[in-house]
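The values are calculated or read from the model by the stated rules, or taken from the named source; none is laboratory data. Bear in mind that the values here come from a model prediction, so they are computed numbers and not experimental data. Cβ placement follows ideal geometry from the backbone for every residue including glycine, while neighbour counts extend to all protein chains displayed. These area figures cover heavy atoms from the full protein model, side chains too; ligands, DNA and RNA do not enter into them. Shrake-Rupley method; radii C 1.70, N 1.55, O 1.52, S 1.80 Å.
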Amino acid sequence: MDSPFRIVRPPRPLEEPYPSRARINEQVGAVWEWGMREDPAAAVRLYHQLGEVASRVLGSTDRDTLNIRRAYTHFVGLDGDPRRAAQLLAGLIPVAAQHLGPGDWVTLDMRLCHARFTGEGGEPPRAVALFTQLAADMTHALGAEAESTLTARSFQARFTGESGDPLRAAAMYGALALDSIRILGADCLESLVARAGHAVNRGLAGHRGEALALYGPLVADFARVLGPDHPETRQTQVWQQYFRGGSS
């Protein structure tokens, strides 16, 4: 769910010749917020600059440096080039696994981003295979109830549907929704998204009447939690109208 916090000025790249680790990480957080809320293209540029500084000050295989590289590729993908992001991550993952370990959060999140942008770059079946393995590895390393594990399962369900199997995707989203509500709460965005994924895939699998019944309370919950004008709320309304027009 969006926070009321809003950055009103874009972060500037570090200017001091020998910035500290704390100062670098402060900028990492500021650039992330700015990129997610305002300008992903600016985040690409700023993370590239931060990566050069961190590599010089901390070392190219330092955990914080690799985390900045991960963030950089994340925004490369969000800014419209998922294939390039996937290619960059494919090169970063072995480095992170060697220096941080395969169970480290940075390594695992690199794999999550790689699988996501593989799917968004036009290879959803391959993304399903990647997320299937990743969800198992995250469960082992972080636990079944970790938010990152739930996120991997959500992407696995998404790309299962995009690979042409909405019935299986609906079942995966349905199970995920139950777990997410239990672990994160009914009003958490991840829980709402899982419910939406379940509803849309049930409808796309031919159960339009059931999907329409699911969208009634779902639209109301999105509007209550996020507000009536939030993009996620509007998207649920679009699907509700779609299934209303062809429900059986």
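Just to be sure before I move on: is GLU210 modelled with pLDDT under 95 and either surrounded by fewer than 21 Cβ atoms within 10 Å (Cβ to Cβ) or assigned to a helix (DSSP H, G or I) (or both) in the structure I sent? Let's see the steps before the verdict.
Numbers: modelled with pLDDT under 95: no; either surrounded by fewer than 21 Cβ atoms within 10 Å (Cβ to Cβ) or assigned to a helix (DSSP H, G or I) (or both): yes.
No.
Would you check which residues across the range 134-171 are open to solvent by less than 50 Å² (accessible area, probe 1.4 Å) and hydroxyl-bearing (Ser, Thr, Tyr) and list them?
Listed by number, the residues that qualify are SER148, THR149, THR151, SER154, THR160.
Inside the range 186-204, can you point out the residues that are open to solvent by 40 Å² or more (accessible area, probe 1.4 Å) and part of a loop (DSSP other than H, G, I, E, B)? So that I can check it myself, show each step before the final result.
Here is the first cut: in the range 186-204, the residues open to solvent by 40 Å² or more (accessible area, probe 1.4 Å) are 186-187, 189-190, 193, 195, 198, 202, 204.
Selection gives ALA186, ASP187.
With the requirement that a residue be part of a helix (DSSP H, G or I) and open to solvent by 40 Å² or more (accessible area, probe 1.4 Å), what does the range 213-237 give you? Let's see the steps before the verdict.
As a first pass, look at the range 213-237 and keep what is part of a helix (DSSP H, G or I): 213-226, 231-237.
Those that are part of a helix (DSSP H, G or I) and open to solvent by 40 Å² or more (accessible area, probe 1.4 Å): ALA213, LEU214, PRO217, ALA220, ARG224, PRO231, GLU232, ARG234, GLN235, GLN237.
Please pick out the residue among ARG63, ARG84, ARG70 that is in contact with a Cys (Cβ under 9 Å, 6 or more places away or on another chain) and surrounded by 15 or more Cβ atoms within 10 Å (Cβ to Cβ). Steps first, please.
Numbers: ARG63 fails: in contact with a Cys (Cβ under 9 Å, 6 or more places away or on another chain); ARG84 fails: in contact with a Cys (Cβ under 9 Å, 6 or more places away or on another chain).
Exactly one residue qualifies, and that residue is ARG70.
Determine, yes or no, whether SER180 is closer than 28 Å to GLY245 by Cα, touching a Leu at 6+ places or on another chain (Cβ under 9 Å) and either surrounded by fewer than 23 Cβ atoms within 10 Å (Cβ to Cβ) or touching a residue at least 12 places away in the same chain (Cβ under 8 Å) (or both). Show your work before the answer.
On the way: closer than 28 Å to GLY245 by Cα: no; touching a Leu at 6+ places or on another chain (Cβ under 9 Å): yes; either surrounded by fewer than 23 Cβ atoms within 10 Å (Cβ to Cβ) or touching a residue at least 12 places away in the same chain (Cβ under 8 Å) (or both): yes.
Judged against the criteria, SER180 is not a match.
Kindly list, by first and then second residue, each pair from a residue in the range 140-154 that is closer than 17 Å to GLY185 by Cβ to a residue that is loosely packed, with under 13 Cβ neighbours inside 10 Å, limited to pairs with Cβ atoms under 7 Å and residues at least 6 apart or on different chains.
THR149/GLY143
Can you name every residue in the range 225-248 that is within 19 Å of SER191 (Cα to Cα) and either touching a residue at least 12 places away in the same chain (Cβ under 8 Å) or polar (S, T, N, Q) (or both)?
Of everything in the range 225-248, those that are within 19 Å of SER191 (Cα to Cα) and either touching a residue at least 12 places away in the same chain (Cβ under 8 Å) or polar (S, T, N, Q) (or both) turn out to be VAL225, LEU226, HIS230, GLU232, THR233, GLN235, THR236, GLN237, TRP239, GLN240.
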